[in-house]
Amino acid sequence: MSISDSVRPWESPELTGWRRLPMSAVDRRDGSVLLDGTWRFQLLRSPGAPLAEEWGEAPVPGCWTMHDPHDLPHYTNVRMPFPHRPPLVPEANPTGVYEREAAIPAEWAGRRILLHVGAAESVLIAEVDRRPVGIGKDSHLASDFDITDVVRPGATHTLRLTVVKWSDASHIEDQDQWWHGGITRSVRLCSTDPLYLDDVDVRAGRDGDLRVDCRVRGPLTEGWSVSAGLEGYGELARDTAHDAANREQGRVSDFLGEARLTATVTDARPWSAESPALYGLTVRLHRADGTVADTARQRIGFRTVEIRGRDLLINGDRVLIRGVNRHDFHPLTGRVVTEEDMRADLVTMKRFGFNAVRTSHYPNDPALLRLTDELGLYVVDEADIESHDHAHEIADDPRYLPAFVDRVSRMVLRDKNHPSVVVWSLGNESDYGAHHDAAAAWVRRHDPTRPVQYEGAARTDWASARIAADIACPMYASLDEITAHARSGEQTKPLILCEYSHAMGNSNGTLADHWAEIETTPGLQGGFIWEFRDHGILQRIADGLPAGPGTTGGYADGIAAPGHRWAYGGDFGDSPHDGAFCADGLVLPDRTPKPAMYEHRELAAPVRLSYDGTTATVHNRMHVRDLAWLSAEWQIGAEHRGVRSEPVRLPDLPPGASAPLPLPAALPDDGGELWVTLRVTTARDEPWAPAGTEICAPGIRLRERTAAWPPAAPGGRVETDEEGLLVHPLLTAPPVLSLWRAPTDNDLLGGAARRWSEWGLDTLVRKIVSVTHEGDGRTTTVAEHPTAVGTVVHEQVLTALADGSVLVEETATLPGALHDVARVGSVLETAPGPDSLEWYGPGPWESYPDRSAAGYVSHHRARVDDLFTPYLRPQESGGRNAVRAFSLTRPDGTGLAVRLDAPRQVSVTRHRAADLAAAAHHDELAPRPGCVLHVDAAHRGLGTASCGPDTLPRYLVPTGTHRWAWTLGAADCGGAVAGGGAAQR
C-alpha cells in the first residue's frame with residue numbers, strides 16, 4: 001500500500017477524512033464519466049498485506065462479501081462481530097483493492113477534475129497512478145477528491161481504491177444488519193469550471209416564498225454573478241441588499257463568494273406526500289463576461305415543516321405519520337441497490353398506505369430522496385451513527401466527537417434541498433452524550449427549517465427539553481405507555497414512534513389497536529414500523545455461498561428456488577451471530593408482501609366506511625386530495641348466495657369530509673349473514689400505481705347470522721375406533737385436542753415458547769378416561785391430557801346427523817397454571833387429494849385474532865399451498881380468523897365441508913406444527929400428502945414480542961372451560977360453502 005502502516009487510518013477516530021472535499025447539495029452527474037463495471041480486484045487478509053501478482057475481478061458497485069468465498073456476509077444485531085473495544089479492530093482485517101484504468105476526456109483541459117466514490121465500507125483510500133489523493137470514512141455517504149493536479153486530460157490513468165472493512169468507524173456503524181465490505185455505490189469522474197457552484201441551499205415555503213443561497217468558489221474576480229430560473233415561473237430576482245450586507249460584514253473574500261436569489265411564487269402548489277408537486281429549479285453561475293461557468297439543477301417543492309405545541313405540522317396540517325423503516329438491501333447484491341430497486345421499494349410502500357420512511361440507520365443513496373420527492377413520502381433522514389455495542393462509552397468519547405458532527409453535517413449538506421426530508425435524525429441506539437448535542441446545534445444553525453430528533457435523547461423522559469430531541473420518538477413503547485403520556489398533561493412535544501410493531505416472522509399483532517389509539521388521542525401522531533424488508537440472502541445449498549449478482553430464476557413469490565434458500569445469521573458460518581433477527585420485514589426478501597402489509601393498508605386506507613343500521617357513510621381520510629382519483633364497486637358477500645359485484649360512484653368529497661353512500665340494490669334476504677365490501681381502486685394511472693390498483697376494501701355488516709345451530713337433526717351412526725376417536729373416509733388422523741402451535745419468532749424470543757415446552761404442550765399424551773355410547777348415533781369420549789403443571793380435561797361428543805355429516809361438540813378445561821397457551825382447538829389430518837380451500841369469513845389474507853383488520857367477510861377460495869406464508873424461519877402460518885364455514889376439495893370438487901358454531905380460527909396447511917418447529921429453513925420441510933387442519937376455539941394473538949410489546953391481554957387464551965362445535969361432511973360437486981361461489985383476487 002502507498003499509505004504507511006504507521007498512519008493506520010482504520011484505527012484513528014479523529015481522522016474522518018483526508019483531502020476529501022466538503023459535502024454539497026450540487027448534483028454533478030450530468031456530463032460525468034461513469035466508472036461502474038468490472039474492476040481488477042484482490043482481497044487481502046489485512047491492510048498491510050502485499051499484493052499478489054495476479055488479479056481477479058469484482059463488480060463496482062458491489063460487495064465482495066456477496067461473491068468472494070474468503071469473506072462472506074456476517075450478521076449481528078447488537079454485538080460487534082469482533083471483541084475489540086473501540087477504536088481497535090482485528091489485525092485480520094479483510095481489505096479489498098480495486099483497480100482500473102480511466103481515460104480523462106480531452107475536452108476537460110483547463111477544468112477542475114473530481115473523483116467521486118458513492119460509498120465504500122468502511123475506510124476508503126484513493127490513489128491515482130499510485131499517488132494518494134484522499135481518504136474517506138462513513139460507509140453510506142460519498143467521498144469526493146480533487147484530482148486535477150495528478151491527471152492529464154486526454155491521458156489514461158490507473159485508479160486504485162483500497163477499502164478496509166473493519167475500522168474505528170465500524171464501532172459507530174453497528175446497525176443490526178449484515179456486515180459487508182466493498183464499494184457499494186457508483187464511482188465516477190466529474191469536472192467543473194475553475195469557477196464553480198460549491199453549494200446551493202434552497203428554502204421554499206408553502207406560501208410560495210423562495211430563497212436560494214449560493215456559495216461560489218474559484219478565481220472570484222469582480223463581475224461574477226448568479227441567476228436562476230424556476231419552471232413555470234421564470235427568472236428569480238437577485239437580492240442585492242444581501243450581497244451588500246455580506247460585503248460590509250466581510251463575508252465575501254478572495255476564496256469564497258455568496259449570493260442570494262429570492263422570489264414569491266403566489267400560485268405555487270404545496271408539496272405533500274399526497275400531492276408531491278415539484279418544480280424544476282436551474283441555478284447558473286456567470287463569469288464576468290456573462291457566459292455560464294456552472295449550472296446546478298434541482299427539483300424543489302414548496303412546503304413548510306413546523307412544530308406547534310405537541311403537533312408536527314406539514315403545510316399547517318397535523319399529518320398522521322404512517323411510516324416504515326428501510327435499509328439498503330437486495331438478496332443478490334447485499335448493500336448494493338439500483339434506482340429501480342429503490343423505486344420498487346417506495347412504490348410498494350405507497351400501495352400499502354405508507355406515507356413516510358425512516359432511512360434506518362444511515363443516509364440512503366441520493367436517488368432514494370429524488371424518488372421520495374417524486375412519489376410523495378415524508379422522510380426522516382438519519383445519520384450514519386449507531387454504536388449499539390459500545391454506546392455508553394462512545395457517546396462522550398472526545399475521539400469520536402469529530403465523527404458524529406461530520407456524519408450529521410454531511411448528511412444535512414447533501415440532502416437539505418429535498419422537500420420530502422421533513423426531520424433530521426442524529427442516528428440510532430448510541431446512548432446520549434455531548435456528541436449528540438454538538439451535532440444538533442450544528443443542524444439547528446445550518447437548517448432551522450426542520451426539527452431534529454434522536455431517540456436516545458428522550459429515552460427516559462419524553463417531555464424533556466433536551467437539545468437533541470424536538471420530537472419524542474420512543475422505540476417499542478407499549479400502547480399503555482404512549483397513551484398515558486399523551487393524557488398526562490405533561491407532554492411537551494409530538495410523539496412519533498421511531499420504531500414499533502416489529503415485523504419479525506408472523507407478527508405485527510395489535511396494529512389495529514395502536515392505530516385506534518393514535519387516531520383518537522391528541523398528542524399521538526404515528527410511527528415507523530420495523531421494518532420494510534426481510535434481509536434473507538439467497539444462498540446456494542450445495543456450497544453454502546451467496547447466489548450472487550446476476551443470478552436469475554432464484555426465487556419467486558417469496559419462495560427460494562430448488563437448490564437455494566434464504567440465509568440468515570449463522571448460515572455462512574458467521575460467529576457470533578443473531579440468527580433470523582434480520583428477517584424482520586413486512587415484505588419477504590424478494591419484496592413479496594407479507595399478510596401484515598394488507599393489515600396496514602386497510603388501517604391506512606384513504607377511504608373508510610361506517611354503518612348506523614340504516615345508512616352507509618363514506619369518509620375521506622386524506623389531508624389534501626379529494627376522491628376524484630379513486631373508483632369503487634360494491635361486493636356483496638351473502639352467507640348463502642356467494643359473491644356478486646355492483647358499481648358505485650364515490651361522492652365528490654373534499655379532504656376530511658363524509659357523505660352518505662347508497663347501498664347496493666336488491667340485497668339478498670335469506671336469513672344468512674350479509675356483508676358488503678367497498679372495493680376501492682385507482683381510477684387512473686398514478687406514478688406509483690396503474691389504474692385499477694386496489695387501494696383498500698372496507699366492509700360493513702348489514703345483517704348478522706341467524707341460522708339455527710346445529711344445522712340438522714340427529715340420525716345414523718358415527719364410526720369410531722376402539723378409543724372412541726372418529727373414523728371417517730376423508731380423514732387419516734381423527735380430531736384430537738391441540739394446545740400448541742409451531743412457535744413464531746415472537747413466541748421464541750418473547751419467552752412463550754419456552755413456557756409451552758416446559759408445560760409439555762408440544763408433547764401432550766392422551767389418556768382415555770372413559771368412552772360411552774348413547775344409542776347408535778352418539779359416542780362420547782372423555783379424555784385427560786396430563787401436562788407438567790396440571791391436567792387438561794377434554795370432552796368430545798360425536799353425533800351423526802341426518803344429512804350424513806358428523807357433529808363434533810368439544811369442551812376443554814384448562815387448569816389455572818396454563819395461563820397462556822397457544823391455542824385450544826382440534827387438529828385433524830385429511831386423506832391425500834384436497835388442494836383447494838373455500839371459506840366464508842374474512843379474507844383472503846392470513847389473519848389472527850390481533851391482526852385481522854385487513855380481511856373482508858365474503859366467500860374466498862385459494863390453493864392449499866398458497867394459504868401458507870413462507871416466513872423465513874418456518875413457524876405458525878396460514879391461519880384465517882373468524883371463519884364461519886369452509887370446504888376442502890379435490891380438483892373434481894369432492895372433499896369435505898365444515899360448518900362452525902361460531903366464527904373460529906382455522907388453518908389448513910401441508911405441515912404439522914412439529915414439522916415446522918423442527919425446521920430451520922423451508923428446504924428442510926417435506927409437505928405431507930394430505931392436509932393438516934386446525935379448528936380453534938381460542939388462539940393466542942401474535943404480538944411483537946421478538947422486539948417490543950407482546951400481544952394485549954385480551955388476545956391471550958384464558959384458563960377455564962372452552963367450548964366449540966363443528967360439523968364434518970362431504971362437499972358438494974362445486975366445492976362451495978353453504979351454496980356460494982368464491983371471490984378471488
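A few points about this structure:
- Percent of beta bridges antiparallel (DSSP, the chain, rounded to nearest 5): 90 percent
- All-pairs alpha carbon distance profile, the range 731-970, 5 Å steps from 0, percent: 1, 6, 14, 18, 20, 18, 13, 7, 2, 1, 0
- Report note on the peptides 903-909, 712-718: ranked by the mean count of other C-beta atoms within 10 Å, highest first, their order is 903-909, 712-718.
- Cross-link partners for Lys416 among the lysines, with Cα-Cα distance under 26 Å and sequence neighbours closer than 8 places in the same chain left out: Lys137, Lys350, Lys493.
- Burial ranking of peptide ranges 957-970, 144-157 (average Cβ count within 10 Å, highest at the top): 957-970, 144-157
- Applied to the range 180-191, the Karplus parametrisation 6.51 cos²θ - 1.76 cosθ + 1.60 on θ = phi - 60° returns per-residue 3J(HN,Hα) values of 10, x, x, 9, 9, 9, 5, 10, 8, 9, 10, 9 Hz, with x for Gly and Pro.
- Low-density loop cleavage sites - GluC sites (Glu not before Pro) in the range 1-108, where at most 15 other Cβ are within 10 Å (DSSP): Glu14, Glu53, Glu54, Glu91
- Coordinate range of the alpha-carbon atoms in the range 342-532 per principal axis, descending: 45, 40, 33 Å.
- Between Thr720 and Val727, the built amide H atoms are under 5 Å apart, and every one of these is 5 or more places off in sequence or on another chain.
- Dipole magnitude (debye, nearest 20) for the chain, charges at Cβ of Lys, Arg, Asp, Glu: 1340 debye
- Dimensionless Rg over Rh [the range 606-697; C-alpha; Kirkwood]: 1.00
- Translational diffusion of the range 103-167, µm² s⁻¹ [Kirkwood Rh, Cα pairs; Stokes-Einstein; 25 °C; 0.890 mPa s]: 199 µm²/s
- For the chain, alpha-carbon Rg over 2.2 N^0.38 Å: 1.04
- Residues Met597, Met23, sorted so that the one with the fewest Cβ neighbours within 10 Å comes first: Met23, Met597
- Per residue, the average separation of C-alpha pairs within less than 8 Å and at least 6 apart gives the range 575-639 a relative contact order of 15 percent.
- Value of Rg to Rh for the range 856-941, rounded to two decimals, is 0.96; Kirkwood radius and Rg both from alpha-carbon coordinates.
- Cα convex hull volume per residue for the range 1-155 (Å³): 143 Å³
- In terms of packing, defined here as the mean over residues of other Cβ atoms within 10 angstrom, the peptides 266-275, 870-879, 829-838, 739-748 line up highest first as 739-748, 870-879, 829-838, 266-275.
- Residues in the range 650-660 carry Karplus couplings, in order, of 6, x, 7, 10, x, x, x, 8, 9, 7, x Hz; the curve used is 6.51 cos²θ - 1.76 cosθ + 1.60 with θ = phi - 60°, and Gly or Pro positions show x.
- J(HN,Hα) series, the range 298-307, from Karplus relation 6.51 cos²θ - 1.76 cosθ + 1.60, nearest Hz, glycine and proline x: 8, 8, 10, x, 8, 7, 10, 10, 8, 10
- Loop sites in the range 31-111: trypsin sites (Lys or Arg not before Pro), DSSP, at most 15 other Cβ within 10 Å: Arg45, Arg79
- Taking other residues whose beta carbon is less than 9 angstrom from the beta carbon of Asn355, and scoring Lys, Arg as +1 and Asp, Glu as -1, yields +1.
- The range 342-532 - percent relative contact order, Cα under 8 Å, separation 6 or more: 16 percent
- The relative contact order of the chain, computed from alpha carbon pairs under 8 Å that lie at least 6 residues apart in sequence, is 9 percent.
- Looking at the range 342-532 alone, DSSP beta bridges between its own residues are antiparallel in about 0 percent of cases.
- In this structure the amide hydrogen of Ala742, modeled in the peptide plane, comes within under 5 Å of the amide hydrogens of Glu876, none closer than 5 places in sequence on its chain.
- Coarse-grained scattering of the range 289-382 at q = 0.14, 0.20, 0.24, 0.26 Å⁻¹, given as base-10 log I(q)/I(0) from a Debye sum over alpha-carbon atoms: -0.62, -1.04, -1.34, -1.47
- Ranking Ala155, Asn93, Pro47 by Cα position along the charge dipole of the range 39-180, where only Lys, Arg, Asp and Glu carry charges on their C-beta atoms, puts Ala155 farthest toward the positive end.
- For Val821, distant residues with modelled amide H under 5 Å away: Val957
No lab work stands behind these numbers, since they all come straight from the coordinates. Please read all numbers here as calculations on a predicted model, not as lab measurements. Cβ coordinates were reconstructed from backbone atoms using ideal geometry, including for glycine residues, and neighbour counts include every protein chain displayed.
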